[in-house]
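The values are calculated or read from the model by the stated rules, or taken from the named source; none is laboratory data. What you see is a predicted model, and the numbers here were worked out from it, not measured in a lab. Methodologically, a virtual Cβ is constructed for each residue, glycine included, from the backbone with ideal geometry; neighbour enumeration extends over all protein chains shown. Ligands, DNA and RNA are excluded from the accessible area calculation, which covers all protein heavy atoms including side chains. Shrake-Rupley method; radii C 1.70, N 1.55, O 1.52, S 1.80 Å.
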Amino acid sequence: MSDVQISSGNKYFLKWIAAIRRGAGPLPLPVMLMMVFSPYASAAPLSLQGAEAIALRQNPGLGALTQKIAELRHKAVAVAQLPDPHLALGAVNLPLNSFSMNQQQMSMLNVGLSQTFPSFGKLGLEGQQAGVEAQAAADTLRGQSAELVLLLRRAWLQALYAEDAVAAVRHQEQLQAESVQAALALYRSAQGAQADVLRAQLARDSLANDVNRLQAEQASDLAQIAQILNLPEPPSIEHQWPNLPPPHTLAQAEARLSGQPLLRAAQAQTRSAQIGVQVAKRGYWPEVTVSVDYGQDFYPGSPNWLSAGVDLSLPIFPGDRQDQDVAAARAKALQAQYRYDDQHLALTQQARATFARYIALKTQLDRTDQRLLPTARNAFSATLAAYSAGRAGLNAVLRTQKDVLDYALTRLQYRRDLALSAAELDFLTTEGGAQP
């Protein structure tokens, strides 16, 4: 149940409470139940598109990453500013015997102001670097959003497969019931053995275990969907297989990889590390501090004093500091570049393998639909008729029955895996959009 439906139910419940508080009198029980539970009773099953919207809106992991982007954007503004100026207040040459400011000529109170200027261009580079890191976080958010949608689609398709597989096993139970009836008919006419009846019943009854297993798998898939959607209870999902067409050609899929958000994030991290090399090189330049001091002399006839000065840092021994910082920054930039190259190769291999698997699954599904499953069903019907006429054994009937179930479940697996491959290709070819 979506959060919109829950809030709708809460709204009707609050209306009922308000009516009681206004003194409208007790309402009949059927009316109260209709007011409170009618929104839930009429709630439609959740569609995949609606579930994706809820996941992107309510998932806490994406919310945390959104705040990380805001943090980096604020940081990009802050790091590009000059450091705060320093204000100095003091007393100079104060006599200790009387603490009088007019006893000696050089006793005075002073106030000073100083400002430090980092190496030329360093602040601008640090602000640019923080901005690129914010861009990388934004691309990471898009990539993780696409991964979350892919995870949701996987659980969704698994739940649909389990539901359809239960229906296939239920249909197989009907076929097994026909075998039981045929075995009973032969046994009652003294043409068959009681052992055949028991074996047919055993084959029918054992299918209940398969139903229980598939129902447990579906419950697990629905629980995973609830976790992804940040819902307190597993939702009721719409039974509709998604249609996710892949790119027309593998070349198109590979061409779109350059815009994949996670790959763009890795590329942005590489740019950030390259800017970090330029920031480290600014360490060879001195920092400049400009200061101004004003002194008030209280001795009669003495003038006031003004002082001004410039302080410079002296990076005259760079071997153990600046050189090491630059070397470390260059190593970090190469590390980021290697990571980007490795991720690009991995995504390319994944796209090629997924596309090949998609084409193979599509062919296998078509073959199963058009030839294998219909042939298995015809074989079972013919074998059952032959068994009823005494021209075939029960083993052949049970074997053809199992073939029908196996091909039916295999068809569902092909359909599920085909949709999973399409969802994975959709994730791989996701391209970054506007900044969030």
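General observations
- Taking the helices alone, the chain has a mean residue ellipticity at 222 nm of -23500 deg cm²/dmol, built from -39,500 (n - 2.57) per DSSP H run of at least 4 residues and averaged over all its residues.
- Cα gyration tensor shape for the stretch 34-139, rounded if a/c is under 1.5, else prolate or oblate: oblate
- Structure-derived volume of the Cα convex hull per residue in Å³ - corresponding label in [x] 159; [y] 147; [z] 311: [z]
- Spherically averaged projected area in nm², based on the convex hull that wraps the Cα atoms of the stretch 147-290: 18.8
- With the whole protein complex present, Val288 retains an accessible surface near 40 Å², based on a 1.4 Å probe.
- Expressed as a whole percent, the accessible surface of the chain that belongs to carbon and sulfur atoms is 56, based on a 1.4 Å probe.
- Normalised convex hull volume, the stretch 185-228, alpha-carbon set, Å³ per residue: 47
- For the stretch 60-99, the ratio of Cα radius of gyration to the globular rule of thumb 2.2 N^0.38 Å stands at 2.60.
- The gain in end-to-end length when the Gln174 to Leu312 segment is fully stretched comes to 40.5 nm, 0.36 nm per residue minus the alpha carbon separation.
- Gyration tensor (alpha-carbon) shape descriptor, the stretch 219-267, a/c threshold 1.5: oblate
- One quarter of the convex hull surface built on the alpha carbon atoms of the stretch 275-363 amounts to 11.2 nm², the projected area averaged over directions.
- Non-local lysine pairs in the chain, meaning eight or more places apart or on different chains, with alpha-carbon distances under 27 Å, amount to 9.
- Short-range pairs are left out: with C-alpha atoms under 8 Å and at least six residues apart, the relative contact order of the chain is 22 percent.
- Ordered by solvent-accessible area of protein heavy atoms (1.4 Å probe), largest first, the residues Trp305, Trp285, Trp156, Trp241 come out as Trp285, Trp305, Trp241, Trp156.
- Stokes-Einstein diffusion coefficient of the stretch 263-308, Kirkwood radius over Cα pairs, 25 °C, 0.890 mPa s, in µm²/s: 160
- Comparing Cα centroids, the stretch 287-358 and the stretch 106-174 end up 25 angstrom apart.
- Given charges at beta-carbon only (K, R positive; D, E negative), |dipole| of the chain in Debye: 1360
- The residues of the stretch 234-384 have, on average, 62 Å² of accessible surface per residue, using a 1.4 Å probe with all protein chains present.
- For the chain, the longest site-free run once trypsin sites (Lys or Arg not before Pro) in DSSP loop states with at most 15 other Cβ atoms within 10 Å are removed: 23-320
- Taking Gln104, Gln176, Gln129 as the candidate residues, the one with maximal mean-square fluctuation in a Gaussian network model of the chain, Cα springs under 10 Å, is Gln104.
- Per-peptide average of other Cβ atoms within 10 Å, ordering 178-186, 84-92 highest first: 178-186, 84-92
- Note on the chain: dipole from Cβ charges, positive end direction compared against Leu148, Leu207, Gln274; the farthest Cα belongs to Leu207.
- Cα gyration tensor category, rounded, prolate or oblate, for the stretch 308-436 with a/c compared to 1.5: prolate
- Per-residue SASA entry for Glu424, accessible area with 1.4 Å probe, Å² rounded to 10: 20
- Our summary gives the stretch 339-436 a relative contact order of 41 percent, counting only alpha carbon pairs under 8 angstrom and 6 or more residues apart.
- Of Asn212, Asn230, Asn110, the one that fluctuates the most in a GNM where the chain has Cα springs shorter than 10 Å: Asn110
- Highest-fluctuation residue, Phe317, Phe355, Phe120 considered, GNM on the chain with Cα pairs under 10 Å: Phe317
- Dipole size of the stretch 190-318 about its Cα centre, with +1 on Lys/Arg Cβ and -1 on Asp/Glu Cβ: approximately 500 debye, rounded to the nearest 20.
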